[in-house]
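A single structure is presented below for examination.
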Amino acid sequence: MRCRKCGESAALELRRHNAAFCVPHFTEFFRKQVREAIHHYRMFTPDETVMVAVSGGKDSLALWDVLIEEGYPTVGLYLDLGIFDYSRESREKCEAFAAARRQRLLIERVDAAIGAPIPEVQKATRRPTCSACGLSKRYLMNRAALTHGFVVVATGHNLDDEAATLFGSVMHWQTDALSRQSPALASTHPKLVRRVKPLYRLSELETAAFAFLRGIDYIVEECPFAAGATSLAHKEALNRLEAASPGVKHNFLFGFLEKARPAFERGQDVQLTECASCGQVTTGEICAFCKLADQVKRRSTPLTRSSGDPSQ
Ligand code: SF4
Ligand SMILES: [Zn+2]
Ligand SMILES: [Zn+2]
């Protein structure tokens, strides 16, 4: 197996691209894909500080690494979900990464914002853990960016994540979700920051290889709640299709973005207003996060008092 660029011995074969690369040319390929994503969707300019939401996993730390190397001003945001040892370890990885590269890392605690750590939120509200967690993350990312004056938040979602989300939305014909599925969501309200996903062109395997080759120390363990998530079942189904037909995941996502997404782009005329309780953007009177926090407050007091924050 020879590198497509230089003909030296290849370290990695990318079947979906029908190509193989040596280490330097693979890392160059990876960076080029990120550059292409930023450029194609005009995600941000070199003057804008990018808030990178980091979880301690390979994708978000690989993204942060690329953006630093590309010369973008960045700041990290770690959301401490209070998920037992997983949160403690992932926070340590983010802190070590930021310290080694002399980058600023902001830390927000979910329990401080919502009244309980994520595992207790599920018990208090009966809402699926990942659903409450996802809602809280989106809300807190936006709030942190607004508080600190940043106009764009970047997340480490990769091609596999995006294809799995699309698959789930199509399975249930969630047309609102389909209208929002994009590598870049513009700010449609002064209190809503731009959200971008510069790794959407790169597969999970490629980000894992990049993180390894760059010597990034990331948390390998998955969140304990990931095992039951339906997105994992969707990823497995797509992986089976990809093994049989390399490139199918790419075609599924890119075909949607290029050909089908415009047909679903109608959610744009939704009237956005400010939550009467917290002032963040919502479509109703009270935002979903405030409703969740209120549920936690009303139902979880005995639970949280007895168990405290397991992440500490
Ligand atoms: S797997 Fe679920 S609970 Fe765990 S971090 Fe992801 S969304 Fe949150
Ligand atoms: Zn090469
Ligand atoms: Zn609110």
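Each value in this text was obtained by applying a stated rule to the coordinates, not by laboratory testing. All values derive from a computational prediction rather than experimental measurement. All Cβ positions, glycine included, derive from the backbone under ideal geometry; neighbour counts span all protein chains shown.
Counting DSSP beta bridges with both partners in the chain, what percentage is antiparallel, nearest 5?
Roughly 35 percent of the DSSP beta bridges within the chain come out antiparallel.
Have a look at L257, A113, F150 and report the one farthest towards the positive end of the charge dipole of the chain, computed about the Cα centre with Cβ charges (Lys/Arg +1, Asp/Glu -1).
My answer, from the dipole projection, is L257.
For each pair in K93/K291; K197/K249; K137/K291, compute the distance between the two Cα atoms and list the pairs where it is over 25 Å.
K93/K291
How large is the convex hull of the Cα atoms of region 27-307 per residue, expressed in Å³ as a whole number?
Roughly 132 Å³ of hull volume per residue.
Now a separate question. If the cut-off is 18 Å between C-alpha atoms, which lysines fall inside it for K297, apart from same-chain ones fewer than 8 positions away?
K123
Would you mind pulling out the separation of the Cα centroids of region 106-173 and region 220-279, in Å?
One Cα centre to the other: 14 Å.
A follow-up question, please. Using 7 Å Cα-to-Cβ label points, what is the H40/A100 separation (nm, one decimal)?
3.0
Same structure again: Given only helices, namely DSSP H runs of n ≥ 4 each adding -39500 (n - 2.57), what is the per-residue ellipticity at 222 nm of the chain, to the nearest 500 deg cm²/dmol?
The per-residue figure over the chain is -15500 deg cm²/dmol.
Taking the Cα-to-Cβ direction at H189 and at H148 and moving 7 Å from each Cα, how far apart do the two end points lie in nm?
2.3
Let me ask something else about it. Please list 3J(HN,Hα) in residue order for region 228-240, calculated via the Karplus relation 6.51 cos²θ - 1.76 cosθ + 1.60 where θ = phi - 60°; whole Hz, with x for glycine and proline.
Once θ is set to phi - 60°, the couplings for region 228-240 become x, 6, 5, 4, 5, 5, 5, 5, 5, 4, 5, 5, 5 Hz.
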